[in-house]
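One structure is given here, and the rest of the page talks about it.
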Amino acid sequence: MKTIFSSFVILLFIFLSSCDRKVEDSISDFEFDFQPMEKGLFWIYSVDETIYFGENDSENSTFFYRDLIRDFYVDASNEQVFIVARSKSLDQKSWTIVKEYTLIRRSSTLVKTLDNQPLVSLTFPPVLGKSWNGNTYRNEVVDEFQIDDQHKNNFPGALETNVIRVLQEESDDLITFRDNRYEVYGKGIGLLEKYDEVLTYCSRNDCLGNQLINSGFKIKMELIDYGKN
């Protein structure tokens, strides 16, 4: 009887250990580290921005952004809300805070709230071809985002990083508007690159179809450094 009982205990232990491993594996499979979130983490981006005010009237500027997770709190829904302070600099020596935004890992999604506009920037695990509504938490029309590229790439301090691209919009009717937006994320790093090009073309009879930019902006952010304070 003791031998049977001992065998039962051993089998039970093996079964429970197997269950624990499955739970741990299922959690790690979400690959949340495509956007690490921890107090003190920072990312520095080189930024190239062009603002269009009218035909043949635009202003270009280059500068740097530093995004720093300065704190976090637990909200009424028991979600961890990470507060990101964005600073701007022309020389990476003197920084001025220009705004704050929040990051929340809600279920299997990443919700970024910038200028009071919540956007579902990413879903976990990030799989090639996966699509979702970026405006899930906005009272707006559906805006379908899709992971349209997945590959390995080298980045300083992280050799052969798994990289994904989230295509947010790719539209250009060549007559009235252009709207091209995407974000690139690196596993274990976070946001590597962001590109927004939102333009309206001149629609007068004398310029319709000539793609003369009437208004809009173009901005590209590329990660140049990251770490933890």
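The values are calculated or read from the model by the stated rules, or taken from the named source; none is laboratory data. Bear in mind the structure is a predicted one, so any value in this text is a computation, not a measurement. Using ideal geometry, Cβ is built from the backbone for each residue, glycine included, and neighbour counts are taken over all protein chains shown. Keep in mind that these areas ignore ligands, DNA and RNA; they rest on the heavy atoms of the full protein, side chains included. Shrake-Rupley method; radii C 1.70, N 1.55, O 1.52, S 1.80 Å.
Figures for the structure shown
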quantity	calculated
Residues of the range 197-214 satisfying the condition of being surrounded by 17 or more Cβ atoms within 10 Å (Cβ to Cβ), touching a residue at least 24 places away in the same chain (Cβ under 8 Å) and not aliphatic (A, V, I, L, M)	Tyr201, Cys202, Asn214
Odd one out for Asn139 among (1) open to solvent by 30 Å² or more (accessible area, probe 1.4 Å); (2) part of a strand (DSSP E or B); (3) among the polar types (S, T, N, Q)	(2)
Check on Trp132, within 23 Å of Phe72 (Cβ to Cβ) and either among the aromatic types (Phe, Trp, Tyr) or touching a His at 6+ places or on another chain (Cβ under 7 Å) (or both)	no
Selected residue [modelled with pLDDT of 95 or more and more than 19 Å from Gly227 (Cα to Cα)] from Leu68, Leu90, Leu41, Leu103	Leu90
Among (1) open to solvent by 40 Å² or more (accessible area, probe 1.4 Å); (2) touching a Pro at 6+ places or on another chain (Cβ under 7 Å); (3) of a type outside the set (Gly, Ala, Ser); (4) at pLDDT 90 or above - the single one Phe34 does not satisfy	(1)
Scope the range 45-77; condition among the β-branched types (Val, Ile, Thr), surrounded by 12 or more Cβ atoms within 10 Å (Cβ to Cβ) and either more than 30 Å from Thr176 (Cβ to Cβ) or free of Cβ contacts under 8 Å to residues at least 40 places away in the same chain (or both); matching residues	Ile69
